[in-house]
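Participant: Sending over a structure as structure tokens; questions will come in a sec.
The values are calculated or read from the model by the stated rules, or taken from the named source; none is laboratory data. Owing to the predicted nature of the structure, the values given are computational and were not obtained by experimental measurement. Here the Cβ positions follow ideal geometry from the backbone for every residue, glycine too, while neighbour counts run over all protein chains shown. Quick note on the areas: whole protein, heavy atoms, side chains included, nothing else; ligands and nucleic acids left out. Shrake-Rupley method; radii C 1.70, N 1.55, O 1.52, S 1.80 Å.
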Amino acid sequence: MQFPQDTASAEQTEKRSLPQPRLAVALIPVAVTVAIFVGGIGILEFPAELMLICAAIAFTVFSACHGVGLEQVLADMGEKIKRALPGILILLSIGMLIGTWMIAGTVPLMVDYGLELINPSYLYVLSFAVTAIVATFTGTSWGAAGTVGVALMGVAATMDVSLAITAGAVVSGAYFGDKLSPLSDTTNVSSLAAGANIYEHIRHMLYTAVPSSVLAIVVFLLAGLSIHAGSVDLGVIDGTVAELRDLFALNPALLLPPAVVLVGSAMRKPPLIVLFLSSVTAAALAVLVQGFSVADTLDAAVTGFTTDMLPGDVSAPLTELLNRGGLHSMYSSAFFVFCAFFFAAALENSGVLRLLIGKLIDKLRSTGSLVLATLLSGFTVINGTSNALVTYFLINDLYGEAFKKRNLHPTNLSRSMEDSVTLTEVLMPWTVSGAFIAGTLGVANFDFLPWAVFCWSGIVFSALLAYLSPVTRDFGIRRLEPERRGEPAES
């Protein structure tokens, strides 16, 4: 979401005398915050929201000791929330969209189409493609890996082919969808943190996602040359497809809700209106095609779809995929944004960030060095916090102003955060996502890491685009428009 620039607030912040702590003193709240994030979130697995509030309090106390009180911190927090309000509303709307797409049968239809593509001769590349389709239309890498991913691992085991390569393909596809889906919480929050329009953010990510996907497809095709179709038991896949068709009336009309989103995005209509119209379309299909009551449809939109609304029993894997959505499902993410802005305001007013990072950023003379520093910082922080949403706001606080000073559009920052945070967290066994995916697929992280081509190649292509920008005339690098730089636009 592209937020309006609050120039008055910015001028007030620049004019206000902010604290200039000494380095030794500034390291105290930094050490406390690192202990809170690594120990509280990473090791003890305390709620990230609570840890953010504790870290924000630490910096607020530090700011108060240097002349900036709580009132100013809260005032700056309010300004940040004001600018982010459209993005927060979109975040809530996504919950309603997912709930209505589920009850309408739109998501089950996409899963059905994906599973029908399975061909044993191209298991690896189709594992990538099918999981990518499901993840894109559900907005969840965990859900895609835990449903069709598990089914694909079963097929691979039956065929006696490499489980590591299959897992790498599943992970690559799952995080392709997680990165590019407008339904994904990480996609929404990363663009929100950087101050970028979500659709512009997704389009800009194609510069790294496309070459990463092509590389992944080539690798999986070559790796699959040794697989022969033969006589293979595809009962796991066939069983899932049959169950979906028993539970929902699947037909192409159910593609209308995503068509509304695609058309609205292409026409550059306001995202809130597009998401609402898509949800209304899905709700109508739920009643007219699936035969759900209006009450159930409204429940799915607000509290989320559950398989209890369906007649008969539903298998555990499908229950895991289908039980999601609703406005309520996004409340925690919206609250998290408030906590993150409290921390960001406290950190900003403490003066610590400018002291520690200022000299480093001044030495980053080129677009390539700035983007590479952002990528490495994102990778480092996500390995410490194991929480992507925390990491996005931290990285924006560290590098947001530097990107603006280098005349770089916020979509460059949001893409860098996705490539270094969203895609790499799953590769490390000590992160939450890494532990979940490894346990779900039954393959160790470092075993599937070399084959998770899409995940690790994002950083490579992101850095290459930035370093080659002087030669390629900024191909894949977006500059700020004159009005975003505070200059008059050309007539």
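Participant: Determine whether Ala135 is of a type outside the set (Asp, Glu), more than 30 Å from Val314 (Cβ to Cβ) and either touching a residue at least 40 places away in the same chain (Cβ under 8 Å) or part of a helix (DSSP H, G or I) (or both).
Facilitator: On the way: of a type outside the set (Asp, Glu): yes; more than 30 Å from Val314 (Cβ to Cβ): no; either touching a residue at least 40 places away in the same chain (Cβ under 8 Å) or part of a helix (DSSP H, G or I) (or both): yes.
Considered against the rule, which asks whether it is of a type outside the set (Asp, Glu), more than 30 Å from Val314 (Cβ to Cβ) and either touching a residue at least 40 places away in the same chain (Cβ under 8 Å) or part of a helix (DSSP H, G or I) (or both), Ala135 comes out as no.
Participant: I'm checking my understanding of the structure. Among residues of region 1-55 that are hydroxyl-bearing (Ser, Thr, Tyr) and open to solvent by less than 60 Å² (accessible area, probe 1.4 Å), which one is modelled with the highest pLDDT?
Facilitator: Initially, region 1-55 is screened for residues hydroxyl-bearing (Ser, Thr, Tyr), giving 7, 9, 13, 17, 33.
Now restrict to residues that are open to solvent by less than 60 Å² (accessible area, probe 1.4 Å): 9, 13, 33.
Values: Ser9: 41, Thr13: 43, Thr33: 81.
Only one residue tops the list, namely Thr33.
Participant: Let me ask something else about it. Taking region 423-456, which residues are within 13 Å of the chain's Cα centre (by Cα) and either modelled with pLDDT under 90 or surrounded by fewer than 21 Cβ atoms within 10 Å (Cβ to Cβ) (or both)?
Facilitator: Listed by number, the residues that qualify are Glu425, Val426, Ser433.
Participant: Any residue at all in region 379-402 that's of a type outside the set (Phe, Trp, Tyr), in contact with a Lys or Arg (Cβ under 7 Å, 6 or more places away or on another chain) and either in a helix (DSSP H, G or I) or surrounded by 24 or more Cβ atoms within 10 Å (Cβ to Cβ) (or both)?
Facilitator: No, because not a single residue in region 379-402 is of a type outside the set (Phe, Trp, Tyr), in contact with a Lys or Arg (Cβ under 7 Å, 6 or more places away or on another chain) and either in a helix (DSSP H, G or I) or surrounded by 24 or more Cβ atoms within 10 Å (Cβ to Cβ) (or both).
Participant: Right, here's the next one. So Val443 clears everything in (1) assigned to a helix (DSSP H, G or I); (2) under 26 Å from Val125 (Cβ atoms) except one condition, right? Which one?
Facilitator: All conditions are met except number (1).
Participant: Would you mind stating whether Trp142 is closer than 20 Å to Gly304 by Cβ and modelled with pLDDT under 85? Quick ask: steps written out before the conclusion?
Facilitator: Working: closer than 20 Å to Gly304 by Cβ: yes; modelled with pLDDT under 85: yes.
For Trp142, the condition - closer than 20 Å to Gly304 by Cβ and modelled with pLDDT under 85 - is met.
Participant: I want to confirm something. Restricting to region 113-131 and keeping residues that are part of a helix (DSSP H, G or I), modelled with pLDDT under 80 and of a type outside the set (Gly, Ala, Ser), which single residue is farthest from the chain's Cα centre (by Cα)? Please lay out each step first, then the result.
Facilitator: First pass over region 113-131, keeping only residues part of a helix (DSSP H, G or I): 113-116, 120-131.
From the residues that got through so far, the ones that are modelled with pLDDT under 80 too are 113-116, 120-121.
Within this subset, residues satisfying the condition of being of a type outside the set (Gly, Ala, Ser) are 113, 115-116, 120.
On the way: Tyr113: 24, Leu115: 24, Glu116: 27, Pro120: 31 Å.
Across region 113-131, the extreme among qualifying residues is Pro120.
Participant: Ok, one more. Suppose we filter region 158-216 for residues that are modelled with pLDDT of 95 or more and outside any helix (DSSP H, G or I); how many remain?
Facilitator: Within region 158-216, residues that are modelled with pLDDT of 95 or more and outside any helix (DSSP H, G or I) number 0.
Participant: Filter region 239-262 down to residues that are open to solvent by 80 Å² or more (accessible area, probe 1.4 Å) and among the hydrophobic types (A, V, I, L, M, F, W, C) and give me whichever is farthest from the chain's Cα centre (by Cα).
Facilitator: Residues of region 239-262 that are open to solvent by 80 Å² or more (accessible area, probe 1.4 Å), as a first pass: 245-246, 252, 256, 262.
The next check asks that each one be among the hydrophobic types (A, V, I, L, M, F, W, C); those that pass are 256, 262.
Working: Leu256: 24, Leu262: 19 Å.
Among residues in region 239-262 that are open to solvent by 80 Å² or more (accessible area, probe 1.4 Å) and among the hydrophobic types (A, V, I, L, M, F, W, C), the one farthest from the chain's Cα centre (by Cα) is Leu256.
Participant: Just to be sure before I move on: is Pro317 open to solvent by 40 Å² or more (accessible area, probe 1.4 Å), at pLDDT below 85 and within 22 Å of Gly239 (Cβ to Cβ) in the structure I sent?
Facilitator: In short, yes.
Participant: May I ask you to list the residues in region 430-440 that are hydrophobic (A, V, I, L, M, F, W, C) and in a loop (DSSP other than H, G, I, E, B)?
Facilitator: Here is the first cut: in region 430-440, the ones hydrophobic (A, V, I, L, M, F, W, C) are 430, 432, 435-438.
Once the filter is applied, which keeps residues that are hydrophobic (A, V, I, L, M, F, W, C) and in a loop (DSSP other than H, G, I, E, B), region 430-440 yields only Trp430.
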